[in-house]
């Protein structure tokens with residue numbers, strides 16, 4: 001088989017599976033990490049608690065953590081369901097705003113030097129890949145029908 005034919009077939013295959021694979025990957029990450037928060041086994045709980053104490057200490061932390069975990073699980077599930085992109089993308093935006101918070105609000109825990117993230121900082125920065133995957137899913141949505149003015 002010629003390289004150009006193989007190249008074309010691979011590109012066609014990747015175009016066909018890219019959105020389902022992205023949806024599944026987003027589901028796994030959000031549902032898994034959210035579920036760990038719900039059952040109290042999240043390795044991110046300490047960082048979440050320190051951010052929580054600096055921002056919204058008027059809610060019991062355990063309630064917040066479980067609620068945040070459930071929120072993540074819902075985001076994961078919604079990425080699996082076609083047609084819910086317009087619901088889940090804004091939810092993802094809210095989630096990303098909160099998860100990037102420690103980079104700015106807890107710099108001693110997320111940076112070990114200028115532009116040198118700690119392990120926690122790396123954990124947060126990898127969310128750029130999640131955003132890219134979500135943009136890829138959103139890019140394949142069909143636009144809402146245009147309503148003409150009467």
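The values are calculated or read from the model by the stated rules, or taken from the named source; none is laboratory data. Fair warning: this is a prediction, and the values are worked out from it, not measured in the lab. Cβ atoms come from the backbone with ideal geometry, glycine included; neighbour counts cover every protein chain shown.
Within the stretch 42-65, the set of residues being surrounded by fewer than 19 Cβ atoms within 10 Å (Cβ to Cβ) and under 15 Å from residue 30 (Cβ atoms) comprises just one member, 44. Scanning the stretch 69-86 for residues that are free of Cβ contacts under 8 Å to residues at least 12 places away in the same chain and surrounded by 13 or more Cβ atoms within 10 Å (Cβ to Cβ) turns up just one, 84. Within the bounds of the stretch 15-27, is there any residue that is at pLDDT below 95 and under 21 Å from residue 110 (Cα atoms)? Among the residues of the stretch 15-27, not one is at pLDDT below 95 and under 21 Å from residue 110 (Cα atoms), which makes the answer no. The residues in the stretch 116-148 that are loosely packed, with under 15 Cβ neighbours inside 10 Å and free of Cβ contacts under 8 Å to residues at least 40 places away in the same chain can be counted, and the count is 18.
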